[in-house]
1. Taking the conditions exactly as written (over 21 Å from H294 (Cα atoms), touching a helix residue (DSSP H, G or I) at 6+ places or on another chain (Cβ under 7 Å) and of a type in the set (D, E)), does E241 satisfy them or not?
2. Pairs under 9 Å by beta carbon, first residue within 14 Å of R358 (Cα to Cα) and among the aliphatic types (A, V, I, L, M) in region 313-339, partner part of a loop (DSSP other than H, G, I, E, B) and modelled with pLDDT of 85 or more, six or more apart or different chains?
3. Does L232 satisfy the condition of being in a strand (DSSP E or B), among the hydrophobic types (A, V, I, L, M, F, W, C) and touching a His at 6+ places or on another chain (Cβ under 8 Å)?
4. What residue, of R317, R275, is among the basic types (K, R) and assigned to a strand (DSSP E or B)?
5. When you scan region 279-293, how many residues do you find that are crowded, with 19+ Cβ neighbours inside 10 Å and closer than 16 Å to G235 by Cβ?
6. What residue, among those in region 170-189 that are modelled with pLDDT of 90 or more and polar (S, T, N, Q), is farthest from R139 (Cα to Cα)?
7. Looking at the structure I just gave you, is A362 touching a residue at least 40 places away in the same chain (Cβ under 8 Å), of a type in the set (G, A, S) and more than 26 Å from S113 (Cα to Cα)?
8. Spot the failing condition for G220; the list is (1) over 21 Å from N428 (Cβ atoms); (2) assigned to a strand (DSSP E or B); (3) not acidic (D, E), and only one is missed.
Amino acid sequence: MGSSPAARMAAVEEEELTRIHQEMLRRPTAGEVELASAEAEDAAGARVEDAAPPGEDVSGELVDVLLDARENAVPSIERAEAVKSQRTPCRFAGGLDDEMVLCEILVRLPARSLLRCRAVCRSWRRLTSDPSFLLDHHRRQPELPLIYFRRGNSDCVDAIDLQAAQLRPIVHDTSPFGYSVVASCSGLLLLSSPGHFYIFNPATNQWTTIPQLIGADFLGLYQHSPSGEHRLLYGEFHGEEDCVYNILTLGSDEPRRITMTMGSDSEPVEQPLAREFLMHARGDRSVLVRGSLHWYLRHRDEGCKIMVFDTESESFRWMRHPDTPGWMLFLEMDNTLVFSAVESMSRLSIWVLQDHERGIWACKHSIELPVAQIRQFPGCNVEHTGCFATVVSVEGDVLVRCSNWIFHCDRKGNLLATFQFDGQLPMNCLHRLKESLALHPLFQMQHNNGVCLPPLL
């Protein structure tokens, strides 16, 4: 009696994953990789299309992503044993007893590939829908810098995968008004368009409106560590002399008013200081590091300052900034506060905060940009169009924009990758996206029930 298509597919999956299991704790040789690729192609021919949704070739891509995952799925023995001890082995349709093996592979995949893997079988869907798995998956995802550009009449935001040297589409808007990225936190983007604000998850294509921000001054988006809630900090001017500050928990309709206090002082600050901060702080430039929001403020009379908001105590304080010449950009990288100082068209330096409490900074890198190489690309007249460099990793990765090109350079000034855009000049959004497939109650509690936002598709 012949086996069913599901059984045949499960047998192929078991064979593939068993081999991966046997090789997880060591790097495969080049010969083994070549042999595995050939075997995978043969296995792909034996798979059936019954497990795939109509119109999608999941099986063929699945073999590719599994092989790619194996190249990077070599955890230490300690990590493998720790994961194994935390999970209860569960028998899958194909008879594989070790759930840890599958977790260590799937948790490394990009969100889009992981969603396709859910179509393989019920066991895979159950595993990849588990909240603890989704949280681990989010932690493993890279932080991808976002690039804004226009293509025809559309506003577009793409993420740059630096390791793969590829662009990932995030927001492609066809509405007449356009959207801009205001903030990014835990896989969520805060988008704005004239008269509207939205929270949007690109990985799940869910969205909800934030009407409370209309007419207000947005200051920051953050995840509150004790509760896990996502919150918005914003202010409002009342007349010519007063202002107020509010915190809105996403999913709630009612904001909570807070008093602006400095440090351990419980007394509210004077209104002139509260108004001055609200006038100069930019929410789209706020930086979240170690549970605190930071703003780099440029004041006409008093120079530059850093204001810090502790999201747990909900109090403010001042912090020193590095004493360096040039135009400075404020960033968060690897849970560290970073300044990039553009000293000239061809040189920039990276300053890292070493002591958060005392405000001690150190210059970690001084980078010479490959201006001579950039000049060789069509339209890159550096003296005429200029170069605009942005640091995108604490290790010194830099994105340089010139004309309609984006160049990826390392800290030694080596040109690693190039991206050409067929629309208007691209711009760095100054935000990064760390994909998350975690389910957020805020999308389900809204009237739109988390459905897709048509203008962004």
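The values are calculated or read from the model by the stated rules, or taken from the named source; none is laboratory data. Remember, it's a predicted structure, so these values are computed and weren't measured experimentally. Here the Cβ positions follow ideal geometry from the backbone for every residue, glycine too, while neighbour counts run over all protein chains shown.
1. Working: over 21 Å from H294 (Cα atoms): yes; touching a helix residue (DSSP H, G or I) at 6+ places or on another chain (Cβ under 7 Å): yes; of a type in the set (D, E): yes.
Spelling it out, E241 is indeed over 21 Å from H294 (Cα atoms), touching a helix residue (DSSP H, G or I) at 6+ places or on another chain (Cβ under 7 Å) and of a type in the set (D, E).
2. That search, which allows pairs on different chains as well, returns L337/R290.
3. So L232 does not fit the description; no.
4. Answer to the check: R317.
5. Result for region 279-293: 4.
6. Going through region 170-189, the residues modelled with pLDDT of 90 or more turn out to be 181-189.
From the residues that got through so far, the ones that are polar (S, T, N, Q) too are 184, 186.
Details: S184: 15, S186: 9 Å.
Applying the filter and picking the extreme gives S184.
7. Spelling it out, it is not the case that A362 is touching a residue at least 40 places away in the same chain (Cβ under 8 Å), of a type in the set (G, A, S) and more than 26 Å from S113 (Cα to Cα).
8. (1)
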